[in-house]
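The values are calculated or read from the model by the stated rules, or taken from the named source; none is laboratory data. The model shown is predicted, which means the values in this text are computed figures rather than measured ones. Reconstructed Cβ throughout: ideal geometry from the backbone, glycine too, with neighbour counts over all protein chains shown. Note: areas computed on protein heavy atoms with side chains; ligands, DNA, RNA excluded. Shrake-Rupley method; radii C 1.70, N 1.55, O 1.52, S 1.80 Å.
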Amino acid sequence: MSGLRAIRGEIVHFLGDPADLGADALAHFPDGLLIVRDGLVAELGPAADLLRRLPAGTSVDDYRGKLVLPGFIDTHIHYAQTDIVASYGEQVLAWLEKYTYPTERRFADPAHAAAVAEFFCDELLRNGTTTAMAFATVHPASVDALFAAARKRHMRMIAGKVLMDRNCPDFLRDPADGGDAESKALIERWHGRDRLLYAVTPRFAPTSTPAQMALAGRLFADHPGVYLQSHLAENEREVAWVARLYPEARSYLDVYERYGQLGARSVFAHCVWIDDTDRARMATTGAAISFCPTSNLFLGSGLFDLDRAHAAGVRVGLGTDVGGGTSFSMLQTLNEAYKVQQLRGQRLPVERGFYLATRGGARSLYLDDRIGSFDTGREADLVVLDPAATPLLARRTAVATTLSERLFALMLLGDDRAVAATWVMGEPAWRRP
Ligand SMILES: [Zn+2]
């Protein structure tokens with residue numbers, strides 16, 4: 001890490017949830033300076049004030065004309081599905097059989113896993129995403145490959161080995177101990193190393209036996225600070241299947257709760273088909289939802305109810321869910337999130353959208369004391385957005401009169417092309433050529 005450096009530009013971050021705090025949630029410096037020391041945020045304020053006090057010779061990267069925000073946080077993605085993004089025609093259960101399992105089989109080969117992991121981390125950075133919570137595959141080497149690629153780039157990454165021991169092909173089935181020894185070895189090897197964190201990763205309730213579900217709950221309980229990630233109530237047929245497999249459970253969510261998988265640091269993707277009792281349990285236990293709009297639309301799963309989740313007090317982050325999702329871009333994810341809310345008769349104000357992609361995502365992961373904002377002491381991960389990145393964006397933002405209008409244009413019209421640079425721990429990690 002270098003000592004001191006600074007970033008100048010139009011700087012925006014959130015102090016809290018705009019749904020609760022209104023306009024007070026937003027901090028905006030039209031000509032701001034972000035000072036970074038040893039990779040952490042040291043100070044943020046108007047450039048006119050801070051430049052005068054900056055020690056002579058401090059390097060200042062000048063992004064005036066562009067927007068500087070905290071790096072995006074993707075709370076649900078499958079790195080091993082990078083090569084099947086945009087595969088035609090199925091809903092989730094058939095999707096798994098037809099596309100997912102064959103592509104995940106290839107991760108038994110560590111060289112293949114390493115090549116995909118390198119591409120995946122570069123693609124996240126190209127899209128301004130500096131933290132992700134990712135599924136690997138059942139193969140321990142697939143986890144090693146992803147953590148190694150993230151570590152090389154100093155990225156925050158939460159990941160884990162998929163647990164799966166029924167209703168899946170033999171070539172992806174866990175050994176007789178249910179993946180216990182492999183999971184423990186991976187936690188030992190990676191959890192808490194640099195910026196890396198481990199997540200116990202049962203794919204979803206239908207592909208684990210009750211014995212493996214209990215094992216996953218034990219792994220989660222026995223390793224403080226470790227995460228748990230899974231899928232919940234994505235698709236109506238899936239929900240009916242879970243009801244047949246676990247007839248004793250009140251609901252799909254109740255299955256996870258019965259096996260000790262609900263609590264702070266457990267993150268469930270989708271949650272389209274849950275009820276108010278489920279939402280109340282998630283809020284009480286501190287579990288989080290990852291809202292994955294491009295995936296929910298692409299796989300025809302349904303429309304997530306963001307307002308009800310918020311009203312119940314559930315923590316919510318955003319996920320791309322690549323490869324069921326159709327873009328690595330959190331801007332495109334927000335674009336689709338906005339439309340999902342429209343179809344529900346709800347609104348997603350632009351400030352709330354960017355909050356969910358940054359500080360809200362961090363909060364859902366219990367990492368808002370580390371990332372997601374430019375509060376003093378936070379890890380200096382950031383994305384530089386170019387409001388004139390494409391001819392249409394340039395034309396639209398030229399007539400925009402407010403910050404909200406410009407951010408909304410970026411959210412609807414932007415994608416990886418709008419990302420001018422991405423910084424990780426106070427250092428440039430990617431710059432648009
Ligand atoms: Zn998923």
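Once you list every other residue whose beta carbon is under 14 Å from the beta carbon of GLY345, what net charge do they have if Lys and Arg are +1 and Asp and Glu are -1? Provide the component values of the computation, followed by the final result.
Numbers: positive: ARG308, LYS339, ARG344, ARG347; negative: ASP305, ASP307.
For residues surrounding GLY345, the net value is +2.
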Next on the checklist: Can you tell me the length gained on complete extension of the stretch ARG52 to LEU392, counting 0.36 nm per residue apart and subtracting the Cα distance?
Outcome noted: 118.7 nm
Next on the checklist: Taking θ = phi - 60°, what integer Hz values does the Karplus form 6.51 cos²θ - 1.76 cosθ + 1.60 yield along the stretch 130-142, in sequence order, with x for Gly and Pro?
Outcome noted: 10, 9, 9, 10, 10, 7, 8, 10, 5, 7, x, 5, 6
Item to check | Under-5 Å amide H pairs with LEU40, H placed in peptide plane, nonlocal only | outcome: ALA380
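What number comes out for the charge environment of PRO102, summing +1 per Lys or Arg and -1 per Asp or Glu over other residues with Cβ under 14 Å away?
Numbers: positive: LYS98, ARG105, ARG106; negative: ASP83, GLU90, GLU97, GLU104, ASP109, ASP170.
Local net charge: -3.
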Next on the checklist: Just want to confirm a number: the relative contact order over the chain, from Cα pairs under 8 angstrom separated by 6+ residues, in percent.
Outcome noted: 20 percent
Checklist outcome for this item: In a Gaussian network model of the chain with springs linking alpha carbons closer than 10 Å, the residue among LEU40, LEU382, LEU367 that fluctuates most is LEU367
Next on the checklist: Loop only by DSSP, 15 or fewer other Cβ within 10 Å of the Cβ. Give me the trypsin sites (Lys or Arg not before Pro) in the stretch 232-318 that pass, ordered by residue number.
Outcome noted: ARG250
Checklist outcome for this item: Within the stretch 36-138, DSSP-loop chymotrypsin sites (Phe, Trp or Tyr not before Pro) with at most 12 other C-beta atoms within 10 Å are TYR88
Checklist entry - Quick one: Karplus J couplings for the stretch 216-228, per residue in order, coefficients 6.51, -1.76, 1.60, θ = phi - 60°, nearest Hz, x for Gly and Pro? => result 4, x, 5, 4, 5, 6, 7, 10, x, x, 6, 9, 9
Checklist entry - Averaged per residue, what accessible area in Å² does the stretch 258-408 show with a 1.4 Å probe, protein chains only? => result 33 Å²
Next on the checklist: Using only alpha-carbon positions, what ratio does the radius of gyration of the chain give when scaled by 2.2 N^0.38 Å?
Outcome noted: 0.95
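When Lys and Arg each count +1 and Asp and Glu each count -1, what net charge do the other residues less than 13 Å away from ARG5, Cβ to Cβ, add up to? Write down the numbers at each step before the final one.
Values: positive: ARG8, ARG37; negative: ASP38, GLU43, ASP61, ASP62, GLU427.
The answer is -3.
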Checklist entry - When the accessible area of the chain is computed with all protein chains present and a 1.4 Å probe, what percentage of it is carbon and sulfur? => result 52 percent
Checklist entry - Within straight cross-link reach of LYS184, meaning Cα distance under 28 Å, which lysines are found once same-chain residues fewer than 8 apart are removed? => result LYS152, LYS161
